[in-house]
Amino acid sequence: MDSRIAAAREKLGASTILLGHHYQRDEVIRFADFTGDSYKLSKAAAETDASLIVFCGVHFMAESADVLGRDNQQVILPDLNAGCSMADMAEISQVEACWEALERLGLAQDTIPLTYMNSTAVIKAFCGERGGLVCTSSNARSAFEWAFARGKRLLFLPDQHLGRNTGFAIGIPFEEMPVWDPWGLQGGQTAAKLASSRVLLWKGHCSVHQRFLPSHVDAVRAKHPGIQVIVHPECRWEVCQKADALGSTERLISLVDKAPEGTTFAIGTEIHLVNRLARQFAGPGKKITSLE
């Protein structure tokens, strides 16, 4: 397969670029022209002269590259079944039903919808049409502050953990951040609870980051005294509170890169990236393991 890929790349030349998301395995990453998170890759592709963009990622990422790309660029997703469990947890008809319920209660006019980058293009459009934003894990706090300058509450899609961690960081108490369950009657909330909410969290999560538990943090600290625990804000609040630092994928990489030699890390994020960082920084004497 390597020789077939090399031959195809030589034939296609500069007309085609390959984007490799951080979470891809090494067998894919080694052929990538660019590596990064979905937003960084989409921006990078739009700035090239390539007419064909092969996005080695999941469906919403390819959509983002298509939205941000130029008219003469075509985005190809090698596996059309490659999906994101989090993005799939916010289906447009469910989100529209949620908004209609807020309208019936007279709450929609004071609500700003925000969606995380890890969502489908139709959800991003839904938020834009209603005066909202698309945010990344890096600028979620700024997006929250922007929205609160314009409305009383936020509807945050689709990751409840990023929404809860961001809301807590700016001082919003848990009781003002109820979870909207799309499968429950009126989201599983009373009208009074919805009216008093500041952040209405969609009941969605990342299946990878959901697996990290507070007990994992305790166990790794007991086994490796002095270890630095760094996690992605898609992890549950209890894990983030026990961590030494949290941040986007790019920030996690930066924290490892800038750390002194001999630092030991337990990282709470996707295993392919963790293993790649462990190999990359073994030379400088940094030890890296998965939090799980």
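The values are calculated or read from the model by the stated rules, or taken from the named source; none is laboratory data. None of these values were measured; they are calculated from a predicted model. Here Cβ is always computed from backbone atoms with ideal geometry, including for glycine, and neighbour counts include all displayed protein chains. Calculation scope for accessible area: heavy atoms of the full protein, side chains included, ligands and nucleic acids excluded. Shrake-Rupley method; radii C 1.70, N 1.55, O 1.52, S 1.80 Å.
ILE172 sits with roughly 10 Å² accessible to a 1.4 Å probe, with DNA, RNA and ligands left out of the calculation. For the chain, the Cα gyration tensor yields ellipsoid semi-axes of 33, 27, 15 Å (square root of five times each eigenvalue, largest first, whole Å). Sparsely packed loop sites in the stretch 87-135 (the GluC sites (Glu not before Pro) outside DSSP H, G, I, E and B with at most 15 other Cβ atoms within 10 Å) comprise GLU91. Percent of Cα pairs in the stretch 34-158 per distance bin of 5 Å, from zero to the largest separation: 2, 11, 19, 21, 18, 13, 9, 5, 2, 0.
Please work out the FRET efficiency for the pair ASN72 and GLU27, using the Cβ-Cβ distance as r and a Förster radius of 30 Å; give the result to the nearest 0.05.
Numbers: r = 30 Å, r/R0 = 1.01.
Efficiency computed from Cβ-Cβ geometry: 0.50.
What you get for the stretch 1-159, charging only the Cβ of Lys and Arg (+1) and of Asp and Glu (-1), is a dipole of about 300 debye around the Cα centre.
For the chain, the per residue solvent-accessible surface stands at 47 Å², with DNA, RNA and ligands left out and a 1.4 Å probe.
Comparing GLY20, GLY171, GLY83 in a Gaussian network model of the chain (Cα springs below 10 Å), the most mobile by mean-square fluctuation is GLY171.
Per residue, what volume in Å³ does the convex hull of the Cα atoms of the stretch 123-237 enclose? Don't skip to the answer; put the middle values down first.
On the way: hull volume 14.5 nm³, N = 115.
In the stretch 123-237, the Cα convex hull volume per residue is 126 Å³.
A Gaussian network model of the chain, with springs between Cα atoms under 10 Å, assigns the largest mean-square fluctuation among ASN165, ASN81, ASN139 to ASN81.
Computed over the stretch 151-292, relative contact order equals 22 percent, with contacts defined as Cα pairs under 8 Å that lie 6+ residues apart. Under the simplified labelling scheme, the GLN280-ARG141 pair shows an inter-label distance of 2.4 nm, with each label point 7 Å from Cα along Cα→Cβ.
Helical content alone sets the calculated 222 nm signal of the chain at -11500 deg cm²/dmol, taking -39,500 (n - 2.57) per DSSP H segment of four or more residues and averaging over every residue.
When the Cα gyration tensor is reduced to axis lengths a ≥ b ≥ c, the ratio a/c is 1.5 or higher for the stretch 132-192, and with a/b above b/c it is classed as prolate.
Placing pseudo-labels 7 Å out from each Cα toward the beta carbon at SER85 and VAL122 gives an inter-label distance of 2.3 nm. In the stretch 12-53, the alpha-carbon atoms span a convex hull of 56 Å³ per residue.
Of the solvent-accessible surface of the stretch 104-204, computed with a 1.4 Å probe and all protein chains present, 53% belongs to carbon and sulfur.
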